[in-house]
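Everything on this sheet refers to the single structure shown next.
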Amino acid sequence: MKNTPGVIAALLLTLFTAVPAFAAERKPNVLFIIVDDLTTTLGCMGDAQVHTPHMDALAARGVRFDHAYTQFALCNPSRCSFLTGCYPERTKVFDLVTSLRGGLPKEVTLPQHFKNNGYVAGRIGKVFHVPDPKTKLDVELGAPLHKDTALFEDAKAANDPDDKPRGTAKGEGFNRAWAASLKSATEFTDYQIASDAISTLEQFKDKPFFLAVGFIRPHTPYVAPKPFFDAIDKAKLTLPPFYRESGENVSKMPPSALRANNNVFRYEAPTRDEAREATQAYLAATGFVDSQVGRVLARLKELHLDENTIVVLTGDHGYHLGEHGLWAKQTLFERGTHVPLIVAAPGVKPGVRDGLVEQVDIYPTLCDLAALPLPKHLQGRSLKPMLDDPTAKGKQVAISTMVSTRTKLTGHGVRTDAFRYIQWDEDGGEQLYDLRTDPDELHNLAAQPAQAERMNRMRQRLAAHLKAVTQ
């Protein structure tokens with residue numbers, strides 16, 4: 001065949017028109033955003049007072065899971081769980097200092113799995129609570145926590161001089177752990193984390209990437225630039241039943257169910273005014289971290305990466321803002337275990353899913369969306385069927401584990417579509433709440449004869465789960 005100009009032109013046309021098709025086959029990127037101590041106080045999840053326009057916008061273009069649950073309402077155990085895809089009973093991590101390698105000596109973590117499958121990978125800020133020596137990524141940048149510590153102490157001294165630091169031994173601190181800062185947003189830890197994430201996106205933009213970004217606020221202290229405090233109308237905040245006129249009697253709860261408020265109100269219980277101030281401060285810190293999430297998402301779009309990037313956003317566990325008099329994590333109540341979970345992915349239509357899901361499902365979901373092999377050790381299940389089909393059902397139960405700070409007993413919570421069951425080891429007590437009629441979990445039905453059959457079913461479900469995940 002002669003190489004006529006017409007034939008050559010046709011070959012060139014075929015070659016160049018094939019380039020976009022080849023580019024379209026590029027593996028999807030992953031941006032995994034973890035917000036420390038973020039509960040479901042988002043505008044898109046019905047909180048009328050908080051200002052979270054950037055996370056709300058992400059939810060509007062993605063899928064929002066309204067009933068997502070942590071496997072352990074404490075940073076290290078929770079992160080070990082969703083970064084390995086295993087339940088705490090398998091990771092053997094139940095505190096803030098244990099490495100996941102005790103229970104999982106060889107298993108590959110989520111970011112390492114993507115790196116092992118051809119991705120450039122990085123982690124910015126707080127991703128692991130206890131660093132994993134076997135996760136070796138291309139970029140690893142920590143969180144400069146000293147920035148916010150200094151900002152908080154300066155702002156506290158200026159705004160609340162009567163609340164001085166107390167104590168000289170371990171455990172010293174302020175009674176009211178919040179303050180509005182007059183410093184610029186650029187001075188804060190989360191601003192630097194966002195800046196580092198943006199720089200890493202720019203570095204990774206020409207390759208398939210996995211980037212985990214862990215923000216710090218609204219973790220205590222609730223410190224943020226003053227405009228974020230001013231944006232929250234304290235007078236419109238509604239306090240939970242514990243702080244209302246009739247109050248809430250928690251004296252009959254199992255001792256294991258409650259915990260001290262040493263992260264926020266270390267020395268004295270809050271008045272109603274202080275409870276409103278603390279809520280305002282938590283929402284202000286949430287609004288601030290939203291602004292930094294927005295910076296990262298804006299740069300992702302400016303780099304034209306958003307259409308081929310899977311974005312997952314979640315908190316590491318729930319958080320109490322006065323429910324049952326609690327200002328903390330580490331409980332098995334709804335507020336302690338309920339987390340935000342948003343997934344925006346190429347080809348996935350926006351929407352809301354009501355079915356039960358767990359954070360242990362994040363690892364297999366990202367593998368499924370990126371067409372990566374599923375490691376054999378995973379104990380969660382992919383949420384891709386729910387992402388693809390709005391009618392697909394969630395799990396029958398979501399299960400969380402906790403070690404009581406008061407009694408040191410281990411407890412487990414079982415969340416169904418309508419009920420929450422809590423069981424504490426060594427006859428430490430049981431709790432059962434009908435969330436349809438009692439969303440604030442004020443009436444423990446565990447001892448009612450009418451609930452005996454349901455209680456037995458819950459016990460059986462929990463026993464079956466524990467047997468399955470420890471084998």
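Each value in this text was obtained by applying a stated rule to the coordinates, not by laboratory testing. On a predicted model such as this, the values are computed, not experimentally measured, just so you know. Cβ: placed from backbone, ideal geometry, glycine included. Neighbour counts: every protein chain shown.
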Problem - Cα-based Lys pair tally, the range 58-176, threshold under 28 Å, eight or more apart or on separate chains - result: 24
Problem - Estimated dipole of the range 25-98 in Debye, rounded to 20 [Cβ of Lys and Arg +1, of Asp and Glu -1, Cα centre] - result: 360
Handout entry: Residues with amide H under 5 Å from that of Leu341, placed H, sequence gap 5 or more
Key = Phe65
Completion exercise
Length gained, Ser251-Asp47, 0.36 nm per residue minus C-alpha separation, equals 70.5 nm
Practice task
For the range 331-376 and the range 231-303, compute the distance between their C-alpha centroids and round to whole Å.
Solution key: 25
Problem - DSSP-assigned coil residues among GluC sites (Glu not before Pro) in the range 118-215, each with at most 13 further Cβ atoms within 10 Å - result: Glu172
Handout entry: Label-to-label distance, nm, for residues given as Gln396 and Gln448 (7 Å Cα→Cβ offset)
Key = 2.3
Problem - In Hz, Karplus ³J(HN,Hα) per residue of the range 358-374 (6.51, -1.76, 1.60; θ = phi - 60°; x = Gly, Pro) - result: 10, 5, 5, 7, 5, 4, x, 5, 5, 4, 5, 5, 9, 6, 9, x, 8
Fill in the blank from the handout: Filtered hits (aspartates and glutamates, Cα-Cα < 19 Å from Lys183, offset >= 8 within chain) -> Asp148, Glu153, Asp154, Asp160, Asp230, Asp290
Handout entry: Value at 222 nm in deg cm²/dmol, rounded to 500, when DSSP H runs of n ≥ 4 in the chain each add -39,500 (n - 2.57)
Key = -10000 deg cm²/dmol
Handout entry: Compactness of the range 44-192, expressed as Rg and Dmax over alpha-carbon positions, Å
Key = 19.1, 56
Problem - Contact order relative to length of the range 154-253, as percent, for alpha carbon pairs under 8 angstrom and 6 or more apart - result: 27
Problem - Amide H contacts of Ile33 (H built 1.01 Å from N, under 5 Å, at least 5 apart or other chain) - result: Val213, Val312, Leu313, Thr314
Fill in the blank from the handout: In order over the range 107-115: 3J(HN,Hα) from phi, Karplus 6.51/-1.76/1.60, θ = phi - 60°, whole Hz, x for each Gly or Pro, gives 5, 8, 6, 4, x, 5, 4, 5, 4
Fill in the blank from the handout: The size of the Cβ-based charge dipole (Lys, Arg +1; Asp, Glu -1) of the range 27-389 about the Cα centre, to the nearest 20 debye, is 840
Problem - Whole-Hz ³J(HN,Hα) from phi, Karplus 6.51 cos²θ - 1.76 cosθ + 1.60, for the range 148-157, glycine and proline x - result: 6, 4, 5, 4, 5, 5, 5, 5, 5, 5
Problem - Other-chain or far-sequence residues with amide H under 5 Å of Leu356's (modelled H) - result: Gly394, Lys395
Practice task
Quote the FRET efficiency, to the nearest 0.05, computed for His465 versus Asp230 with a Förster distance R0 of 51 Å and r equal to the Cβ-Cβ distance.
Solution key: 0.65
Problem - Charge tally in the Cβ shell below 9 Å around His129, where Lys, Arg are +1 and Asp, Glu are -1, His129 excluded - result: +1
Fill in the blank from the handout: Note: the range 337-398, point scatterers on Cα, Debye, no solvent; log10 I/I(0) at q = 0.24, 0.25, 0.27, 0.30 Å⁻¹ equals -1.13, -1.22, -1.37, -1.54
Exercise for the section: Just give me a number: lysine pairs in the range 337-471, eight or more positions apart or cross-chain, with C-alpha atoms less than 29 Å apart. Expected result: 13
Handout entry: Label-to-label distance, nm, for residues given as Glu153 and Thr437 (7 Å Cα→Cβ offset)
Key = 5.3
